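Structure, as structure tokens:
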Amino acid sequence: MKRILSSLAVLSLAVSATNAQSVWINEVLANPLGADGGNEYFELRGTPNMSLAGYYLLSLEGQGGTGRGDINQFFDLGAFSIGANGYLFARQYNSPHGPVAPGATLMENTIEPGWGQANGAGSSVGHYSDGTQTDLENSATTIMLVNIGTGPVPLTTMDLDTDNDGFLDLPEGWTVVDSIGLIDGNNPQASDYSYGAITFRAPNNNGEYFGGSAYGNVIDLPGSPPTTAGALYVGRKGESTGSTADDWFGAIMRSGNILNQKFDVTTDPFYEGLQYKDMVYGGPNPIPEPGTWALLGLGGLAYLLRRPKR
């Protein structure tokens, strides 16, 4: 046991050194099955205690042929830092998702409803949106983490695809740190678009897939959503850093209470039957590859040992 603990400690230090001063999107639940309000969340992972000054999480319009690349909403993350354990977990007002892993930063909106609206009635998590939107965009959207550097701060009036050619036109000084596209099967159209480094696409109830990305790397989920409103979760495998199907998986949920919903169909069979809480709120996600359990740490190892076989 001492040898295992020593190996884990060395590996943890190696991972921290490799990922120095870096941050990634780790999970996104933008369209839970059933009501969105209160049930959405997202998670970031990065260098422990790293300040997020200059970082913004954007949601870009991707549905239909008009308004492509418009910033629908964004989070100003400047008041927050990655937690001591390397994670930040963000949840809406009156969220049922918890408890959060020790050492993680909890970014929780305390001004109802949903994420609130900093340019309206208020938001304790720096959420800005056009109109009165307090939930994340559904249908087709790109969730993008940017560092604005010396560039201008985001505005909901900005268009990041000015010529609508499917490629980003970023303000000078901005850097895309991480991105993921979501096409959740909610009223899909052939003209739906994603700007993500990887895109997950759910079918409609007839099993048809719509939309695409000029950046390629579109991953189709098998099966059909349980409702016409769509239901899509995306998460990284373990503590991955890339933007491939080996780094991410997508899942469609089964019906049921929000805390008991299970991943019905997934792009990786390992995750079928798991629940949100199995991904660890503010902690590392389980990984399917044999021999890489050490990346999970002791909590993830304990999870794998107790997980029932299916």
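The values are calculated or read from the model by the stated rules, or taken from the named source; none is laboratory data. Worth saying up front: this structure is predicted, and the values here are computed from it rather than measured. In this analysis, Cβ positions are derived from the backbone assuming ideal geometry, glycine residues included, and neighbour counts consider all displayed protein chains.
Couple of notes before you dig in:
- Unmet criterion (only one of (1) touching a Lys or Arg at 6+ places or on another chain (Cβ under 6 Å); (2) under 21 Å from I258 (Cα atoms)) for Y209: (2)
- Which numbered condition M107 fails, given (1) in a loop (DSSP other than H, G, I, E, B); (2) farther than 30 Å from P203 by Cα; (3) touching a Phe, Trp or Tyr at 6+ places or on another chain (Cβ under 8 Å): (1)
- Residues that are assigned to a helix (DSSP H, G or I) and either modelled with pLDDT under 95 or farther than 19 Å from A245 by Cα (or both) do occur in segment 278-291, at least one of them.
- Residue-level check: of (1) modelled with pLDDT of 95 or more; (2) under 29 Å from F263 (Cα atoms), G230 misses just (1).
- Residue in segment 222-231 that is buried (at least 21 other Cβ atoms within 10 Å of the Cβ) and not in a loop (DSSP other than H, G, I, E, B) present: no
- Number of residues in segment 119-168 that are out of contact with any Gly (no Cβ under 6 Å at 6 or more places or on another chain), of a type outside the set (D, E, K, R) and under 19 Å from N186 (Cβ atoms) equals 7.
- Qualifying residue in segment 140-159 (condition: touching a helix residue (DSSP H, G or I) at 6+ places or on another chain (Cβ under 7 Å) and modelled with pLDDT of 95 or more): no
- Within segment 61-93, the residues that satisfy the criterion of being more than 17 Å from G103 (Cβ to Cβ) and touching a Lys or Arg at 6+ places or on another chain (Cβ under 8 Å) are E61, G62.
A quick yes/no check of all residues on (1) in contact with a helix residue (DSSP H, G or I) (Cβ under 6 Å, 6 or more places away or on another chain); (2) part of a loop (DSSP other than H, G, I, E, B); (3) among the hydroxyl-bearing types (S, T, Y):
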site	(1), (2), (3)
F210	no, yes, no
E239	yes, yes, no
G250	no, no, no
I258	no, yes, no
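- Condition met for V23 (farther than 30 Å from L168 by Cβ and at pLDDT 95 or above): no
- Of all residues in segment 93-121, those being more than 18 Å from Y276 (Cβ to Cβ), surrounded by fewer than 19 Cβ atoms within 10 Å (Cβ to Cβ) and either out of contact with any Ser or Thr (no Cβ under 9 Å at 6 or more places or on another chain) or of a type in the set (V, I, T) (or both) number 4.
- When the test is whether a residue is surrounded by fewer than 17 Cβ atoms within 10 Å (Cβ to Cβ), over 17 Å from I143 (Cα atoms), polar (S, T, N, Q) and touching a Lys or Arg at 6+ places or on another chain (Cβ under 7 Å), Q189 does not pass it.
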